[in-house]
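*Asks:* Here it is, the structure, as structure tokens.
The values are calculated or read from the model by the stated rules, or taken from the named source; none is laboratory data. Since the structure is predicted, the reported quantities are computational estimates derived from the model, not experimental observations. Reconstructed Cβ throughout: ideal geometry from the backbone, glycine too, with neighbour counts over all protein chains shown.
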Amino acid sequence: MDRIRLVNAIFFAHHGATSEERQTGGRYEVDVEVGFDFEAAAQEDNLDATLCYEAVYRIAAEVMQDKKIELIERIAYLIANQVAELSAQIEYVDVCVRKRNPPVGGSVDFAEAVYRRDNAKTSSDR
């Protein structure tokens, strides 16, 4: 399966379950992987036959910066579903959202949520 990936897009955003987290804000990292057939684009070196990863980044940035969301699970879900709508050729979208230094009462590098939107499912499977 062909795929493109955006790895470790970094955002400062105001998400979190507590009002303090939403007020103070924090560092978040986002990975997006999009599976689709880009063989024709690669063979022809044709930009119009592939997926614009700038559009993928813009979706992630808008979700991260335009809303205050409690759960990183929701952030991953929103990004994946919006990216999946960019093209009928997209077979799946995986999104990983990492929250640096989450408030867990101890030392941990990050918490992360990973969500997959699978377009290969039929509408009756969703």
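*Asks:* Filter the range 35-57 down to the residues that are free of Cβ contacts under 8 Å to residues at least 24 places away in the same chain and of a type in the set (D, E, K, R), then identify the one that is farthest from ILE10 (Cα to Cα).
*Replies:* GLU44
*Asks:* Which one is farthest from ILE72 (Cα to Cα) among residues in the range 1-60 that are surrounded by fewer than 16 Cβ atoms within 10 Å (Cβ to Cβ) and among the β-branched types (Val, Ile, Thr)?
*Replies:* ILE4
*Asks:* Would it be correct to say that VAL93 is crowded, with 19+ Cβ neighbours inside 10 Å and hydrophobic (A, V, I, L, M, F, W, C)?
*Replies:* Working: crowded, with 19+ Cβ neighbours inside 10 Å: yes; hydrophobic (A, V, I, L, M, F, W, C): yes.
So VAL93 fits the description; yes.
Here's the yes/no breakdown for (1) out of contact with any Asp or Glu (no Cβ under 7 Å at 6 or more places or on another chain); (2) buried (at least 18 other Cβ atoms within 10 Å of the Cβ); (3) at positive phi:
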position	(1), (2), (3)
LYS67	yes, no, no
ALA76	yes, yes, no
ASN101	yes, no, yes
ARG117	yes, yes, no
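*Asks:* Shifting gears a bit: Return the residues of the range 17-53 that are closer than 21 Å to ALA84 by Cα and part of a strand (DSSP E or B); say none if nothing qualifies.
*Replies:* GLU29, VAL30, ASP31, VAL32, GLU33, VAL34, GLY35
*Asks:* Ok, one more. As an exercise: evaluate ARG58 against (1) more than 20 Å from ASP2 (Cβ to Cβ); (2) modelled with pLDDT of 95 or more; (3) outside any helix (DSSP H, G or I); (4) among the basic types (Lys, Arg) and give the number of the one condition it does not meet.
*Replies:* Result: ARG58 fails condition (3) only.
*Asks:* Assuming ALA49 fulfils every condition listed in (1) under 22 Å from ASP118 (Cβ atoms); (2) modelled with pLDDT under 95; (3) in contact with a helix residue (DSSP H, G or I) (Cβ under 9 Å, 6 or more places away or on another chain) apart from one, which condition is it?
*Replies:* Unmet for ALA49, out of (1) under 22 Å from ASP118 (Cβ atoms); (2) modelled with pLDDT under 95; (3) in contact with a helix residue (DSSP H, G or I) (Cβ under 9 Å, 6 or more places away or on another chain): (1).
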